[in-house]
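Q: The structure's right below; bear with me while I get my questions together.
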Amino acid sequence: MTKYFLVIISMVFVQNYVLARFLGLCPFINVSRKTDAALGMGMAVTFVMTMTSAVTWPLYFYVLELSERNVFVRLGWLELTASQPLVAVLKVSSYILVIASLVQLVEMFLRKTVPALYRALGIFLPLITTNCAIMGVALLNTTNYPGPGQLSFFGAVWQGFWAGIGFTVVMLLMSGIRERLESARVPKAMADIPIAFVCTGLMAVAFMGFTGIVR
């Protein structure tokens, strides 16, 4: 249980994908103007991250990676001595396909059930497909760590879910800041996106205070 609790602290505060890894900045900056849209985007990203982790982990370890547990190796269609370079190419392209399919599912659901949120998210909803934070989660979940070793299936899903929660937390924090900035006297040259990046940098510095809690 300690290990899973440390994953929560790490993904939300220490290794936050936006503030520590600088991934997913496009939707973070452009959809964080209003709290409702920020919450909707955060929930959508959390769902896609979680489902992507659940799909890409078995896809990699049972289909793409050439090992004894590979389905095609067990069927005798591939040899363990086969060349590995193709795996790296298939890994990225297959992950993009999985993410695109999940985003399309979310888009269809929101368009049918919450049309107001669907319109508020606009073009940034389908752009979740190219959100590097989601790709980063998928790649990290299927990477061998130098210390503890590979993540289990549940560990990958757990990490993906809390990475999405961490993304949602900073989205909500930024939306609250930007709503307050609307009534503040901001110099014209710094209005909107420039001041948002300044606030993002200050948030990142603040979150650095959690560094060292989790290795």
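Q: Report the normalised scattering of the range 104-215 as log10 I(q)/I(0) at q = 0.12, 0.20, 0.24 Å⁻¹, calculated by the Debye formula with identical scatterers on the alpha carbons.
A: Debye intensities relative to I(0), on a log10 scale: -0.65, -1.26, -1.35.
Q: Could I ask something else about it? May I ask you to work out the translational diffusion coefficient for the range 141-204 at 25 °C, viscosity 0.890 mPa s, via Stokes-Einstein with Rh from the Kirkwood sum over Cα pairs, reported in whole µm²/s?
A: Values: Rh = 14.4 Å.
Here the translational diffusion coefficient equals 170 µm²/s.
Q: Quick one: Karplus J couplings for the range 194-203, per residue in order, coefficients 6.51, -1.76, 1.60, θ = phi - 60°, nearest Hz, x for Gly and Pro?
A: x, 5, 5, 5, 4, 5, 4, x, 5, 5
Q: Average projected area of the Cα convex hull of the range 1-103, in nm²?
A: Mean orientational projected area (the range 1-103, Cα hull): 8.9 nm².
Q: Here's something else I'd like to know. What does the charge count around VAL73 come to, taking other residues whose C-beta lies under 12 Å from its C-beta (Lys +1, Arg +1, Asp -1, Glu -1)? Walk me through the intermediate numbers first.
A: Details: positive: ARG69, ARG74; negative: GLU65, GLU68, GLU79.
Around VAL73, the surrounding residues sum to -1.
Q: Would you mind giving the three semi-axes, in whole Å and largest first, of the ellipsoid equivalent to the chain according to its Cα gyration tensor?
A: Square roots of five times the eigenvalues give 35, 21, 14 Å.
Q: Let me ask you something else. State which stretch of the chain is the longest one without any exposed GluC sites (Glu not before Pro), exposure meaning a DSSP loop state and at most 11 other Cβ atoms within 10 Å. Can you show the working numbers first?
A: Numbers: sites that count: GLU68, GLU79, GLU182.
In short, 80-181.
Q: Here is a further query. Hey, what number do you get for the chain at 222 nm if only DSSP H runs of n ≥ 4 count, each worth -39500 (n - 2.57), divided across all residues, to the nearest 500?
A: Taken over the chain, the calculation gives -20000 deg cm²/dmol.
Q: What is the local net charge at THR142, summed over the other residues whose Cβ is closer than 14 Å to its Cβ (Lys, Arg +1; Asp, Glu -1)?
A: After counting each charged neighbour, the total is +1.
Bear in mind these aren't lab numbers, they're just calculated from the coordinates by the rules spelled out. Model, not experiment: these values are computed from the prediction. Heads up, the Cβs are rebuilt from the backbone with ideal geometry, glycines too, and the neighbour counts pull from every protein chain shown.
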